[in-house]
Amino acid sequence: MPDDKFEPRIADQRIGYFSEKVTDLSTYDSNNARDLINRWRLVKKDPDAELSEPEQPLVYWVENSTPEEIRPFVVKGIEAWNKAFEKAGFKNAIVAKIQPDDAEWDAGDVRYNVVRWASTPSPRYSGYGPSVANPRTGEIIAADIVQEFNAIKRGYTYRKLWGYTEENDPLEQWIVSLTMHEVGHTLGLRHNFKSSWVYDAKEVHDVSITGDNHIGSVMDYDPINLAPEGTPQGNFFPTGPGFYDIWAIEFGYTQASLMRNEKTFFQNQLSQNIYLELMEMQCHHRE
Ligand SMILES: [Zn+2]
């Protein structure tokens, strides 16, 4: 239940977080409801350090049913979020572990966050990333991810259709990207279908420009990015957080002590500054 170690964060309409509506029934204030974002309790080990490991990292387990070839891709998808957490002041915020074959706990155990697999007859999605949050504070207390076997099969089809090398593999990138998306949901993030266009039609295939993410957010439903004939193939799918994702994690997870005074004001200030930075970057890329 609520305690003074977890600081709730008021939602901002510009940033898509799942949230809890909390209503104060005893206040004289006519605006008596607040939307508190869903976020994990992530506390810096060294509160004064610009970059610190957390007291307790977020641990995500890779279910032991995961095919051997796929496991490293799932691990990458989980740990790729660290790049965004670094912007929020955390080093090694999120850690992936493989569930041992002789584990005595079940992947359905609520105390473990597990990336699991299902093989549904007619899957509607490639994965799901639900979480459970404290309705009074927004603190996420448990999460599990279910991804579909069908998605793995799809990855192998991409390999057959579009070819692959060790450096540029559509199967790997698709599983990393899917895992990032579902883990993103369990970090509190909602979809972002609006920031896909960061680069123009030429730049989007040039890895020296895009790096590991050629769109604004992994919280999108982005199709495979195929280079036209005569153009070298760039990223098939993003394998790192986009500008928006980094911004969103910065908003949601920057240590609350930075915001202790004038909390709401500072939050608005923070998000506005990052928003302007983001717009500047996008304008630059469209020049
Ligand atoms: Zn989604």
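The numbers here are math on the coordinates, done by the rules we state, and not lab data. For clarity, every value in this text was computed on a predicted model and none was experimentally measured. Glycine gets a Cβ as well: all are built from the backbone with ideal geometry, and neighbour counts include every protein chain shown.
Remarks
- FRET efficiency estimate (nearest 0.05) - Cβ-Cβ, GLU55 to THR165, R0 51 angstrom: 0.80
- Across PRO57, PRO121, PRO72, mean-square fluctuation computed from a Gaussian network of the chain (C-alpha pairs under 10 Å connected) peaks at PRO121.
- Bridge type composition, the chain - antiparallel percent by DSSP, nearest 5: 45 percent
- Distant-in-sequence amide H partners of ALA118 (H built 1.01 Å from N, under 5 Å): GLN147, GLU148, PHE149
- For the stretch 36-77, the Kirkwood hydrodynamic radius from C-alpha pairs, put into Stokes-Einstein at 37 °C and a viscosity of 0.692 mPa s, yields a diffusion coefficient of 253 µm² per second.
- Each 5 Å bin, from zero up to the one with the longest distance, holds this percent of the alpha carbon pairs of the chain: 1, 5, 11, 15, 18, 16, 13, 10, 6, 3, 1, 0, 0, 0.
- Net length gained if the chain between ARG111 and ASP35 were fully extended (0.36 nm per residue, minus Cα distance): 24.8 nm
- Computed lengthening from LYS45 to GLU68, 0.36 nm per intervening residue step minus Cα-Cα distance: 4.9 nm
- Using θ = phi - 60° and Karplus 6.51 cos²θ - 1.76 cosθ + 1.60, couplings along the stretch 166-183 (whole Hz; Gly, Pro as x): 4, 7, 9, 10, x, 5, 4, 5, 5, 6, 4, 5, 4, 5, 4, 4, 5, 4
- Dipole magnitude for the chain: about 600 debye, using +1 per Lys or Arg Cβ and -1 per Asp or Glu Cβ, origin at the Cα centre.
- For the stretch 10-113, the Cβ-based charge dipole about the Cα centre amounts to some 440 debye (Lys, Arg positive; Asp, Glu negative; other atoms uncharged).
- For the stretch 19-286, with +1 on Lys and Arg beta carbons and -1 on Asp and Glu, the positive-most of SER131, VAL218, ALA84 along the dipole: SER131
- Relative contact order [Cα under 8 Å, 6+ residues apart], the chain, whole percent: 19 percent
- Close amide H contacts of LYS45 (hydrogens built in the peptide plane, cut-off under 5 Å, sequence separation of 5 or more or a different chain): GLU53, GLU55.
- Stretching SER208 away from ALA118 to a fully extended chain increases their span by 28.7 nm, per 0.36 nm per residue minus the current alpha-carbon distance.
- Charge-dipole axis of the stretch 19-286 as Lys and Arg at +1 and Asp and Glu at -1 on Cβ define it, positive-most pick from SER19, ASN113, THR66: SER19
- Restricting the stretch 1-95 to GluC sites (Glu not before Pro) in coil, as DSSP defines it, with at most 11 other Cβ within 10 Å: GLU50, GLU68
- With a Förster radius of 22 Å applied to the beta-carbon distance between ILE141 and LYS21, the computed FRET efficiency rounds to 0.80.
- One Cα centroid belongs to the stretch 30-85, the other to the stretch 108-181; the line between them spans 16 Å.
- Using a simple spin-label model with pseudo-atoms 7 Å out from Cα toward Cβ, ALA103 and VAL132 lie 1.7 nm apart.
- Restraint check, LYS83/LYS194; LYS83/LYS202; LYS153/LYS202; LYS21/LYS194; LYS5/LYS83, Cα-Cα greater than 28 Å: LYS153/LYS202
- Positive dipole terminus of the chain, leading residue within ASN168, TYR156, ALA248 (C-beta point charges): ALA248
- Using the Karplus relation 6.51 cos²θ - 1.76 cosθ + 1.60 with θ = phi - 60°, the per-residue 3J(HN,Hα) values for the stretch 191-196 come to 5, 9, 9, 10, 10, 5 Hz, with x marking Gly and Pro.
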